[in-house]
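J.: Mind looking over this structure? Questions follow.
The values are calculated or read from the model by the stated rules, or taken from the named source; none is laboratory data. Just so it is clear, the model here is predicted, and its values are computed rather than measured. Backbone-built Cβ (ideal geometry, glycine too); neighbour counts: all protein chains shown.
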Amino acid sequence: MLQNFNCMKVIFLFISLFVAFLPVLEKNTKTSVQQSPLRVGKHNLTLQWISWDVPGTAVVSQKNGKYFIKGNQKSKTSSDSLYIEGELKVVNSRELLFTGKIVTHVASIHSGQPCVKEGEYHFKATGTRKYWRLQEMESCEGNNVVDYVDIYF
């Protein structure tokens with residue numbers, strides 16, 4: 001009878017510990033299956049010189065655990081355009097690291113020549129914004145002219 005009592009104490013202790021640690025186990029499970037803040041698929045893409053109202057499209061794809069983006073925005077009334085292609089790395093839900101090529105072409109800026117940026121750039125979503133904005137935004141024009149290149153969630 002004493003053995004049964006001790007066995008029941010061990011079982012009770014085990015169940016108590018399991019129930020006590022259940023919230024920790026659930027939290028870790030939820031964290032490990034959280035999705036990336038960057039979603040695969042189509043995203044709106046804008047350059048303020050072209051339009052915020054008529055966005056272009058960028059497609060985010062994933063291959064071998066890496067994210068890639070390719071897209072453009074073209075003006076309906078001029079030859080102005082935006083092109084982006086490269087790899088994206090998620091720094092956190094509000095910041096992306098981009099390695100690749102961004103080309104902006106705006107007739108009234110940089111003597112109408114394309115502005116080509118190649119290399120590593122940062123996109124951040126600040127405040128309550130629902131898009132990541134290019135942080136290295138100075139245009140090839142210089143003189144405090146900036147290009148707001150935005151990738152929408």
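J.: Would you mind listing the strands (runs of 3 or more DSSP E) fully within the stretch 35-94 where at least 1 residues are under 14 Å from the mean Cα position of the chain (by Cα) and among the aromatic types (F, W, Y)?
T.: Strands (runs of 3 or more DSSP E) meeting the threshold: 66-74.
Residue-wise test of (1) of a type outside the set (G, A, S); (2) modelled with pLDDT under 95; (3) surrounded by fewer than 13 Cβ atoms within 10 Å (Cβ to Cβ); (4) under 16 Å from G86 (Cα atoms).
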position: K101; (1), (2), (3), (4): yes, no, no, yes
position: S108; (1), (2), (3), (4): no, yes, yes, no
position: S111; (1), (2), (3), (4): no, yes, yes, no
position: E118; (1), (2), (3), (4): yes, no, yes, yes
position: R129; (1), (2), (3), (4): yes, yes, no, no
position: W132; (1), (2), (3), (4): yes, no, no, yes
position: E141; (1), (2), (3), (4): yes, yes, no, no
position: V149; (1), (2), (3), (4): yes, no, no, yes
